[in-house]
Amino acid sequence: MTFRIDPEKQDIQLYWKNNKGEIMKSIDVLRNNVETQHKKLVFAMNGGMFEPDNSPKGLYIEDFKILKPLDTLQGTGNFYLEPNGVLYLTQNNSACIIETRQYQHNKNIRFATQSGPMLIINRKINPIFQKNSKNLNIRNGVGILENGKLVFAMSKKEISFYHLAEYFKNLGCKEALYLDGYVSRTYLPKKNWIQKDGNFGVMIGVTEPSE
């Protein structure tokens, strides 16, 4: 499954809690929440890794507020495979994917989520991945094209990190970031891909005004 969006023309945001301070967790709850704001959810996907209490793992910025700080520690698990990275969206509706060690906060960043590992770094596949790896899983990620548009992709079957990265490279992405594995879900009714469940932290959503 592949979905391309133009952040300068489409309304893309990161979501975690509703206006009552309750963690939404699932795409179905997110969809209902945006409908109360007279919006229609046209795309949604889990937006990075999370702690057992459904709080974001690493940096999370929503509406210019830093709700979780950048995680520059070392550890185990996919999040800490090097390098990890940050997806952020600015006040001017431009998008960027950058390695964590290169990230510098500024007041124009409206939304940000941290995840890992990076799949594509400067148009090349992350060298830590092995082409013949037996570490297979359902996987999803986000890439950025030369023209600044974002590409979201989720595998329909279990694949390796290398082959997910290769997919983003073949699409022409200059950078790409892994989001998560078997817990991943995607909502894209236009392509008849409708997964409304989930138990997440951050979610990524694209909306349109409801008719």
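No value in this document is a laboratory result; all are computed from the given coordinates. Not measured: the values here are computed from a predicted model. Backbone-built Cβ (ideal geometry, glycine too); neighbour counts: all protein chains shown.
For region 181-211, which residues satisfy the criterion of being crowded, with 16+ Cβ neighbours inside 10 Å and on the phi > 0 side of the Ramachandran plot? Once the filter is applied, which keeps residues that are crowded, with 16+ Cβ neighbours inside 10 Å and on the phi > 0 side of the Ramachandran plot, region 181-211 yields only GLY198. Checked against the criterion of being β-branched (Val, Ile, Thr), surrounded by 19 or more Cβ atoms within 10 Å (Cβ to Cβ) and farther than 21 Å from PHE161 by Cβ, region 107-124 contains one or more residues that satisfy it.
Could you check how many residues of region 81-104 are touching a Phe, Trp or Tyr at 6+ places or on another chain (Cβ under 9 Å), closer than 18 Å to PRO69 by Cα and not in a strand (DSSP E or B)? Here the count works out to 2. Could we say that LEU81 is surrounded by 15 or more Cβ atoms within 10 Å (Cβ to Cβ) and under 18 Å from LEU119 (Cβ atoms) here? Yes; evaluated as a whole, the condition is true for this residue. Can you tell me which residues in region 34-89 are farther than 19 Å from TYR187 by Cα and hydroxyl-bearing (Ser, Thr, Tyr)? Listed by number, the residues that qualify are SER55, TYR60, THR72, THR76, TYR80, TYR88. Pairing residues of region 108-130 that are in contact (Cβ under 8 Å) with a residue 40 or more places away in the chain and more than 25 Å from LYS68 (Cβ to Cβ) with residues that are buried (at least 24 other Cβ atoms within 10 Å of the Cβ) and among the small types (Gly, Ala, Ser), at Cβ distances under 7 Å and at least 6 apart in sequence or on separate chains, gives ILE125/ALA165. Within region 53-73, residues that are assigned to a strand (DSSP E or B) sit with their Cβ atoms under 9 Å from residues that are of a type in the set (A, V, I, L, M, F, W, C) and surrounded by fewer than 15 Cβ atoms within 10 Å (Cβ to Cβ), at 6+ positions apart or across chains, in these pairs: TYR60/ILE66.
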